[in-house]
Amino acid sequence: MHGNTAGTLSGPTGVVNFCGDHAVRGLAELSNTITRWSQYNRECISPPLQAPDLLVNDVQEFFRTLPPARHRIPTGDGTVTGTVRSAKLASRRRPFLLRHAIHGGHQRKRCRHHASRAYHERMLINAVPQWQGAVNERASGIPEGCLALAGLAARILDLRVNHVYQDRQTSPLEGGLANRSALTGPNRAAQQEAVAGSSGPILTIGGDCGVELEPLRAGRQRYGAGLAVAWFDAHPDLNTPQSSPSGAFHGMVLRALLGEGDPEFTASPALEHGRVALVGTRAVDPSEHAAIDRGLATQTDDAAMSLRDASHLYVHVDLDVLDPTEFEGLNYPEPGGLSIAELVVALDSLGGFNVVGAGITECVGSPDQVEVLAPVIATIGNLLNPATSPT
Ligand SMILES: [Mn+2]
C-alpha cells in the first residue's frame, strides 16, 4: 500500500511505471491521461516510485487493451478515473500518475513503420516545460502547454519527444532575477545534457522563452560567429536584471545570448551583434529600444534579407508573435500580431538557410487548442529537415 506518502501535499498515491517508454508517454499525453504531472516533483512521488503499483513491461500491449485515445479519459484535478477502470485497476479506486523515466538516447529511435523516413534521423525534439522564467499569472500553465505542443509535434513530425525533466519549484528574486536559483541547478543541467546529446538539429518545445538559452549557447559554440537568429516574438527579450520591469528571465534571454546581463546566464562566446532579426516585435521596453539602437538586434519584416550573410540559422518562435485572435493558448498575448498563415509564410522564406535549430515557446494551450498550430510545426520541421537544408 502506498497511502499518503507525500506529506502535506496530496499527490498521486499510485504509480504506473512505463519503464521510460517515451512513445507511450506521448500517447498518454495526447489523450490527457497524464494531467498536471509536473506539479509533483521527485520528492513527492519517490516513495510510490520505489514500489510501483503496476510495472508494465510491455507498454504497447498495455495501451492496446485501452479504448481509443481522446475518448476514454475523463480528467480533472489530477485524477484519471476512466483509464484506471479500463486498465483493470478499478479496485484500487485511487488516482495515479503515469510516471516516466527521464533519460536521453531514445530520441533517435523511430517507430518501425516510419523507419523509411530517414530525413528525420538526426533531428531531436526536446520538450522543456520550464516555466520559472515567466512570472505572469498564466505562466503556471506553461508545463501543460508544453506537453500539448510536444504531443502535436510528435504527431506532425513522426518523431518521439525527449521529455526533459524540470521541477516546478520557485525561488526568491536574486539580483533582479525572479526564480534565479530555480533556473539553474538540476533544471538547467538536464537541458544542457539533452542538448549535448545531439549532433543534429534540435527542435526545443518550451517552456518559457528562457529555454532558448542552452540550445543557442551550444549552437554558437558549435557553429561559430556566423550563427544568426530569427527571433519571432512580440517581445525582443532584450532586458537585463537591472532594466527588467518584472524580473522575469524570459524577457532577458536574448540579451544574455548577446553577452550582456547576469554573468550566470550570459553566453560566451556571445551571438554576434547584428546577427539577430526581430520579427513581429511590438511590445518593446525603453532599455530594449536602447539595445536595438546600439545594433544588438534589428527589427525587420524580412529576416531572410536582414540575415543573408549568416552561415547557420536558429529560428525562435514565441507563439505570442501571433495575434491573440489566432491562438487562444498564449501565455503573454499582445494585440496586433501575425496570423498563422503570415507566420508560416515568413518561416517558409527562411528555407534557403542552413537551419540548425529552432524553438517554439510560451504555449499554455490545451491539446485541442494547439491543433491550429499544425502548419507552424510542419513548416519548422521542413526548415530543420537536413535533406532540404544546405550542408
Ligand atoms: Mn514573447
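The values are calculated or read from the model by the stated rules, or taken from the named source; none is laboratory data. Predicted model only: the values in this text are computed from it and were never measured. As a convention, Cβ positions derive from the backbone with ideal geometry for all residues, glycine included, and neighbour counts pool all protein chains shown.
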Taking the condition of being within 26 Å of residue 241 (Cβ to Cβ) and either basic (Lys, Arg) or not assigned by TED's automatic domain parsing to the domain that holds residue 363 (or both), how many residues in segment 134-170 meet it?
2
Checking the condition buried (at least 16 other Cβ atoms within 10 Å of the Cβ) and either under 25 Å from residue 134 (Cα atoms) or under 17 Å from the mean Cα position of the chain (by Cα) (or both), which residue from 328, 334 passes?
334
Scope segment 237-252; condition under 12 Å from residue 175 (Cα atoms), part of a loop (DSSP other than H, G, I, E, B) and touching a helix residue (DSSP H, G or I) at 6+ places or on another chain (Cβ under 7 Å); matching residues:
240, 243, 244
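Results for (1) in contact with a helix residue (DSSP H, G or I) (Cβ under 7 Å, 6 or more places away or on another chain); (2) touching a residue at least 60 places away in the same chain (Cβ under 8 Å), shown as yes or no for each residue.
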site: 273; (1), (2): no, no
site: 281; (1), (2): no, no
site: 307; (1), (2): no, yes
site: 315; (1), (2): yes, yes
site: 321; (1), (2): yes, yes
site: 324; (1), (2): no, no
site: 328; (1), (2): yes, no
Just to verify a result, which residue in segment 254-284, among those that are out of contact with any strand residue (DSSP E or B) (no Cβ under 9 Å at 6 or more places or on another chain) and of a type outside the set (Gly, Ala, Ser), is nearest to residue 223 (Cα to Cα)?
269
What residue, of 275, 294, is away from the ligand (no atom under 14 Å from the Cβ) and out of contact with any Leu (no Cβ under 9 Å at 6 or more places or on another chain)?
294
For residue 203, which of the numbered conditions (1) more than 16 Å from the ligand (Cβ to nearest atom); (2) without any contact (Cβ under 8 Å) to a residue 60 or more places away in the chain fails to hold?
(2)
Could you grab me the full set of residues in segment 217-242 that are more than 16 Å from the ligand (Cβ to nearest atom), more than 18 Å from residue 207 (Cβ to Cβ) and not charged (D, E, K, R)?
221, 223, 224, 225, 226, 227, 228, 240, 241, 242
Determine whether segment 164-186 contains at least one residue that is of a type in the set (Gly, Ala, Ser), at pLDDT 95 or above and under 23 Å from residue 383 (Cα atoms).
no
Among the candidates 291, 346, 341, 310, residue that is in a helix (DSSP H, G or I) and more than 23 Å from the chain's Cα centre (by Cα):
291
Test for residue 140: is it within 29 Å of residue 209 (Cβ to Cβ), out of contact with any Leu (no Cβ under 8 Å at 6 or more places or on another chain) and at pLDDT 95 or above
no
Hey, residue 199 hits all of (1) of a type in the set (S, T, N, Q); (2) more than 17 Å from the chain's Cα centre (by Cα); (3) under 22 Å from residue 167 (Cβ atoms) but one; which does it fall short on?
(3)
Taking the stated definitions as given, is residue 367 within 23 Å of residue 244 (Cβ to Cβ) and either away from the ligand (no atom under 16 Å from the Cβ) or in the same structural domain as residue 130 (by TED's automatic domain parsing) (or both)?
no
Checking residue 286 against (1) closer than 26 Å to residue 137 by Cβ; (2) in contact with a Pro (Cβ under 9 Å, 6 or more places away or on another chain); (3) surrounded by fewer than 15 Cβ atoms within 10 Å (Cβ to Cβ), which single condition isn't satisfied?
(2)
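Conditions tested, residue by residue: (1) modelled with pLDDT under 95; (2) in contact with a Gly (Cβ under 6 Å, 6 or more places away or on another chain); (3) within 16 Å of the ligand (Cβ to nearest atom); (4) under 26 Å from residue 248 (Cα atoms).
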site: 308; (1), (2), (3), (4): no, no, no, no
site: 320; (1), (2), (3), (4): no, no, yes, yes
site: 323; (1), (2), (3), (4): no, yes, yes, yes
site: 330; (1), (2), (3), (4): no, no, yes, yes
site: 334; (1), (2), (3), (4): no, no, yes, yes
site: 341; (1), (2), (3), (4): no, no, no, no
Looking for something within 16 Å of the ligand (Cβ to nearest atom) and out of contact with any Phe, Trp or Tyr (no Cβ under 8 Å at 6 or more places or on another chain) - is there at least one such residue anywhere in segment 257-272?
yes
